[in-house]
Amino acid sequence: MRHARIHPRTLGYLGRALSLELSAVQQYMTQASLAEAWGLPEAARRLREETVEEMQHAERIIQRMLALGVAPNGSHLRPAGVSRNLVDLLLQDSVLEGEIVALYREAVIFCRRVGDRENGDFFEALLNEESAHAREIDDWLASLGVPRYRDPSERAYF
């Protein structure tokens, strides 16, 4: 089976995307179990839904890599973000979703720049879905009384 030549950097984006999506699966699954243990069944349900969505993203990335003739290589699984309360869990989720969105945005820009429309479209679809996830997390935090950030540059980092 012959495959079109793909830029090595695009393969790097796919590998990083797979690592981040699998890390998100682990994080949401862990957090759903914590929420259940804390007696927060609705939070546990929502976090399990996020787990499924992230698994679907990972599956799409794996399918994409296989279609391109490369073996899936999500090589770095991050430790799950844990905490003692729901707000802190969601703040960690917001950061992770922000990283995923930034990666997909960068991948779209790169693919468009090198004329790789097909992979650019692939990353753009994931970007749109992850941007929606990030907004959902921010909305959830706002419903719990945590102030909204309009832009990541407005956040204070130490």
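Every number here is computed from the coordinates shown, using simple stated rules; none is lab data. Fair warning: this is a prediction, and the values are worked out from it, not measured in the lab. Methodologically, a virtual Cβ is constructed for each residue, glycine included, from the backbone with ideal geometry; neighbour enumeration extends over all protein chains shown.
At a glance:
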| read-out | value |
| --- | --- |
| Restricting region 1-96 to trypsin sites (Lys or Arg not before Pro) in coil, as DSSP defines it, with at most 10 other Cβ within 10 Å | R2, R5, R84 |
| Degrees, to the nearest 10: 117-143 long Cα axis against longest axis of the chain | 0 |
| In order through region 39-48: 3J(HN,Hα) via Karplus (6.51 cos²θ - 1.76 cosθ + 1.60), integer Hz, x for Gly, Pro | x, 10, x, 5, 5, 4, 4, 5, 5, 5 |
| Peptide ranges 122-131, 19-28, 70-79 listed from the most packed, as the mean C-beta count within 10 angstrom indicates | 19-28, 122-131, 70-79 |
| Helix-only mean residue ellipticity at 222 nm for the chain, each DSSP H run of n ≥ 4 adding -39500 (n - 2.57), per residue, nearest 500 | -25500 deg cm²/dmol |
| Charge dipole (the chain, unit charges on Cβ, about Cα centre) - positive-most of A37, V101, A80 | V101 |
